[in-house]
Every structure is written in structure tokens, then in C-alpha cells.
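Worksheet: one structure, shown below.
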Amino acid sequence: MHACFVWGLVRLKSLPVILYVFDRFAPCSRAFSEMLTRPGSSVRYAPCARKVARLASVNRALSNGFALSLACGGACGGGVGEVRSPALDPQSEAAALAVPVPGAGTGLQELARGQRGAVSSVERHASLVGVEVLTQGGSAIDAAVAVGFVLAVTHPSAGNLGGGGFMVLRDPNGELVTIDYRESAPADASRDMYLGEAGEVTQQSLVGPLAAGIPGTVAGLFEAHRRYGRLPWHALLMPAIVLAEDGHVVDEAHAILLQRGVAAIHAAGYSDTAALYMTAEGAEVAPGGLWRQPALAATLRRIAVDGKLGFYGGKVAKSLVSAVRSAGGVWTAADLSGYRAELREPLRFAYRGLEVVTMGPPSAGGVVLRQMLGMLAEKPTSKPWRDPLSQHVYLEAARRAYADRNQVLGDPAFVKMPLTRMLAPEYLAERARTIDFAAATPSTAVTSTLVAEGFTPGRARPESPETTHFSVMAADGSAVANTYSLNQGFGSRFAAVETGVLLNNTMDDFAAKPGEANLFGLVQGEANAIAPGKRSLSSMTPTLVLKGRQVHLALGAMGGSTITTTVAQLLESIVGAGEEASDAMRAARLHHQWLPDKVLVEARTDASLREGLSALGHTVETVSYGGQGTIGRAHLVRLLPDGHFEAVADTTREAGYAAAY
């Protein structure tokens, strides 16, 4: 055993824990002393999930569930070698965080308040780990990194290593940054790669390795930590490693999700992938059952040791490329090694005396959000927000914003976009003047006026609603809104089994056949056509809302094309109408995306609102995706007037867990 560093024992204020640690790990004491007196000294580190879990159990018994564990050296067995932690001295070492083990229950918690920070995500282990990071002195960025990796273990339908997404963050010093880690098309991708012999669009953009873009999640989380992280990289991955290797108890909602995923994967013909989401004995994971993922744990270990290169290079990259190519995909080692997460300028605009900071292209979410809120400001009504007239104006603003979105937006590296014009107050006022208080405007009469200025028209196909979002805020002023995805639930249904990594089917978000109807009956434009290295258009809308320099709200949602309208409705409800965040979260949602020309409403929508909208000429239809009758699933954290943090999870629409301290 070479060394251990016990992280934050003083925080425990528990003599029994300190004595236990130094009695059981006496050889670590010299390195502990050395690290205190000689920062940057050369030590060795080897994460050991089983011993971490055992120590965590002792700590939980002594400190009621949220004590520290530590990562021990090579004597544990099964070590992973020398740490090259990118955020620290190349050979430095630190302890791992405790892994919360929630008790029996549904895994749902809608609301939590605390003085120092809060997290809201779709899954309880992830939210509790995020709060544990905050208690150990981590920033919201540190917590977001840990949450992102834990969700890859505990929420596999959308949490991922094999997908991508977008992050909006504020660091403790006040810097506002957006990180684009959307998947990119491989170098061997081509414009017509999903067309059959007769020119028809095939299913290969949806199922199998050919549907997978080059993943961005590991690069995105790595970049956030490299620039803004405070705690050691490998310590932030340790909870995910423990939960994957030693297993975690699956709540009822996620057991059902796993069972549905296994059925879909089997139907796609990938039985070896399906086995990853079952017990070692080949049975379905039941509610309350323990689920282990040893292959994924091994991949996470390599990422913990080697950072980004642990995924985009070495053994993991070799296994990914081999699995993809042997099953008909086109990835190369150069595709993986060449992937970069991109820092982009945040999209910032004023809103009701506050500032909204959100994501720009290749996410269309921020642009659509700005347009919708801008048109609403230009077309106020005297009615309450939930009144049919106010909802009518909101839907008409959405209709116009989505006409622009669907016709002119794309990857800024490939497409010239009229963003200055699209976001200008004068343009939004011009668009708002076409909204009729008395009647719905047929979508056939609404188009993007920007098309006439020489931009290529088209219509975007709907995205899968199987995305996930989490929000984090901390007392040091840091905040993160992060949305990431595999595109459809369980992505391409194909995993590189040796790595435990499930791959996305985000290539389906491109225009498989520009100018003609696709499998969904919608026409897409050249702006979103497939090209090597290109990133497909997205609706993800991670968003921060600031008052002065202080973040007051971090939010976002899952739900494909309904993501942006969900965020807009929450903002209008909480900021505009002054509703409590929990009430706004539970309230019925409506959606319009220009085409098809209909208003989607939730099953919970009042009959009076449906009738009021119908009387104004809207075609109203209850959403039926997945038989749930819901639109969007959001997670938010906000700063209350008394200085406390409040986390709210969308538990009435899906699994969710709000946590705070």
C-alpha cells in the first residue's frame, strides 16, 4: 500500500471515525502528513470500491448517513494504478466521497430546502451524492460532475457516458459559461447514409451502432471540472464507481424503466446489451432489488484515473470502436480522440428585471426561449397567467418562435444563422404584432420572415422526450443547469458490452433526407443535414436566472421539442405570475411547435381551458407519449428571499428527488 489521504476528517468531529480510519489504515498516516506539509508530493492512488463501501457503512452508522469514506491504496487489491488527476498536481491524491444509501421507499422527494445548497435530479442517489459533494466543500460544478456520472449508473435510459448535452454554469467567481458537449457526426458520416436503395429513410438512424454520434458527456464533464472544479476529479467519480460495482437498490420507477428498456433492446435484437440491464442471473431487476454493473464500473475507474483520455483513448476507446465497427457502425479511433467539448458564449437577455443566461446553438432552446418571452412582453394581456387568453398568447408566441427555429437554426460551425435579427427586440415586436387576441393564426399563414432573406427553409423533426436534466446551486454563488441525453430512451439499444457503455441514437436528430418527408411525415431543411463532425440541432434549454450577479434560479427540463416551452412556462409562472415553484411545477402544461398545427395539452388540463382555447380556434389534443399524458419533466433549484435554497423535482410526472442541506 503506497498512500492514502483522508479527506475532511475534521468535518466529522468524530473521534471514533478518526481512530477507526487510522487504526485500519495506519500505513496511510505518513502520506497524510506528507500531503499536509508538502503539497504536490508524489504519491500513488488506487480507488478500491469495496473498501470504500465498507468504510462508508461504518461512517453512516456513526454520523447518520452522510459521513466520509476514503479511497485506499494498492493493498486493497484491484487497484487501477497511478492517478493522473487533471485538476491537481499530476500525481496527487485525495479521498473519495461517501455514497448515500437511501432507505426503502418510492425514491421520490418533491421539495427540499437548505441553507448551503440544493440539488434536483431524476434519481435519489444522484441528488444525495450531489448534496454530499456540497457538504465536503465542493462547488456546484463539482456536484454536477458527480451527479452526471452517478446518473449514468442509476438512470440509464438517459443518464449516460455514451451521449451528450449542454451545461450552463456560474463559477464561484461569477464567470458565466456554456459548455456544448453535444454528440458529433463521425468522419465517415455522409448526407445520405440513412437512405435505402429506393431513396427511403431507413431505421438505421434509430437502432444500432450506425445511429450513434460521437459521445460528448465525458468530455463535457471533464472540461467543466478542468476549468472550474475544486475537489479532485477521481473523488467525484468514486460514488458512481461504488454504485456500479457494489450495486445500488433500484426504486420502483427505475425498475419499471429498466424492464421497458430490456424489452426494447431485445426487440432490437441486442440480447447481449439487454443483459447489462438485468441481474447477473438473467432476471429482471425488481423494485428494491440490487443491481450491479461491473463493466461500467471498470470504465468509470479508467476515467477516474486518466480523465478524458480514459474514455477517448486507451483500452476503452479501442473497445468502443471495435464494438461499433463489428456491428456495422463507422466510428474510428480518430473520431474519439478528436472530440472536443466547446465553450460557447452564453445567450443572455433581460427578463422582468432579471437576466436570463441560457444555451445558444446548436441548441435551439435558448433562441426559442428568448423569442417566446420577448413576444409575451410585447403582447401583454390584462388576464391572469392561467386564463385562456394569456395561454392563447403564449401558444401563438410559441408558434412563431418554432417557425423560426425549425427553418433556420443549425450547428454554428456549419450554418450561417441570422441570430442578431432573430433576437432583436424590434423583430420580436414585429412578430408579436401579428398575434390576434381574438383568434388562433393557422400555421399555414405563419412562416419565418427570415427565409425571404436568403436562409434555407426546412422543418425539424421532433426529438425524443427521453432526456434528463439536473440543477445545482451552492452558497458560494456557483450554479449549474445541465441537460444531457441518449436521444431516445436507451438510445440506439446498442452497447459496447465490454465497456458497459450504452450508445446514443442522436444521429436521428439530423435531417436524414432534406427537403422530403421523413418517417414522422415532417420535412427538414439543409441547415440540419448530416455532415462529418457536425452537431445536430437540439431543444435542450438549461437556464440560469440572475438578479444582479447572484443566481436566483437554475432550471431545465427533458421532453424533446417540449423542453423549451416547459422552461418558458415555469419562468412565466414563477417569475411573471409569482407562483410558488412547487405549484408551478405541478400545473398543467401546453405546447405548440408550429407544425403540426395543434396544441398539445396534458391529461390534467382543466376542461375550461381546453374549451377556451378551442373557442379561439386552436385544435387541442391530449398528449399521449408513453401513455403518461404529460409534457416535459423539469428540475429546478432557486434562492428564496430568506436566503435558503429550494429544490423542486417534477415528481408528479416522473421519478425525481430534491435534496438540500
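The values are calculated or read from the model by the stated rules, or taken from the named source; none is laboratory data. Being a predicted model, the structure only gives us computed values, none of them experimental. Every residue, glycine among them, receives a Cβ derived from its backbone with ideal geometry; neighbour counts consider all protein chains shown. Note: accessible area is taken over every heavy atom of the protein model, side chains too, but ligands, DNA and RNA are not part of it. Shrake-Rupley method; radii C 1.70, N 1.55, O 1.52, S 1.80 Å.
Brief remarks on what is shown
- Search result, residues across the range 595-615 that are under 31 Å from the mean Cα position of the chain (by Cα) and open to solvent by less than 40 Å² (accessible area, probe 1.4 Å): L595, V599, L600, V601, E602, T605
- Condition check for A588: part of a strand (DSSP E or B) and either touching a Leu at 6+ places or on another chain (Cβ under 6 Å) or open to solvent by 10 Å² or more (accessible area, probe 1.4 Å) (or both): no
- Reported count of residues in the range 151-208, each being part of a loop (DSSP other than H, G, I, E, B), at pLDDT 95 or above and aromatic (F, W, Y), is 0.
- Selected residue (criterion: least open to solvent (accessible area, probe 1.4 Å)) from residues of the range 110-132 that are acidic (D, E) and part of a loop (DSSP other than H, G, I, E, B): E123
- Residues of the range 627-661 classified as outside any loop (DSSP other than H, G, I, E, B) and without any contact (Cβ under 8 Å) to a residue 24 or more places away in the chain, total: 1
- Test result for G366, within 30 Å of P186 (Cβ to Cβ), of a type outside the set (A, V, I, L, M, F, W, C), open to solvent by 10 Å² or more (accessible area, probe 1.4 Å) and touching a residue at least 40 places away in the same chain (Cβ under 8 Å): no
- Residue in the range 317-331 that is surrounded by the fewest Cβ atoms within 10 Å (Cβ to Cβ), counting only those that are out of contact with any strand residue (DSSP E or B) (no Cβ under 8 Å at 6 or more places or on another chain) and aliphatic (A, V, I, L, M): A327
- For A568, the criteria (1) among the hydrophobic types (A, V, I, L, M, F, W, C); (2) closer than 24 Å to T468 by Cα; (3) modelled with pLDDT of 95 or more; (4) touching a strand residue (DSSP E or B) at 6+ places or on another chain (Cβ under 8 Å) hold in every case but one, which is (4).
- Residue-level check: of (1) open to solvent by 50 Å² or more (accessible area, probe 1.4 Å); (2) touching a helix residue (DSSP H, G or I) at 6+ places or on another chain (Cβ under 9 Å), A334 misses just (2).
- The residues on offer are A304, A211, A286, and the sole one that is modelled with pLDDT of 95 or more and surrounded by fewer than 19 Cβ atoms within 10 Å (Cβ to Cβ) is A286.
- Verdict on T202 being among the hydroxyl-bearing types (S, T, Y) and open to solvent by 30 Å² or more (accessible area, probe 1.4 Å): yes
- Of all residues in the range 580-608, those being touching a residue at least 40 places away in the same chain (Cβ under 8 Å) and either closer than 14 Å to W385 by Cα or in contact with a Pro (Cβ under 9 Å, 6 or more places away or on another chain) (or both) number 6.
- Remark: V637 falls outside the filter, which requires a residue to be open to solvent by 20 Å² or more (accessible area, probe 1.4 Å) and aliphatic (A, V, I, L, M).
- R493 falls short on exactly one of the conditions (1) over 16 Å from the mean Cα position of the chain (by Cα); (2) outside any loop (DSSP other than H, G, I, E, B); (3) modelled with pLDDT of 95 or more, and that condition is (2).
- Total residues in the range 604-624, condition in a loop (DSSP other than H, G, I, E, B) and modelled with pLDDT of 95 or more: 7
- Checklist (1) at pLDDT 90 or above; (2) closer than 15 Å to I214 by Cα; (3) open to solvent by less than 10 Å² (accessible area, probe 1.4 Å); (4) touching a Lys or Arg at 6+ places or on another chain (Cβ under 8 Å) applied to F510, failing item: (1)
- Filtering the range 365-372 for residues that are closer than 21 Å to T543 by Cβ and more than 26 Å from the chain's Cα centre (by Cα) leaves an empty set.
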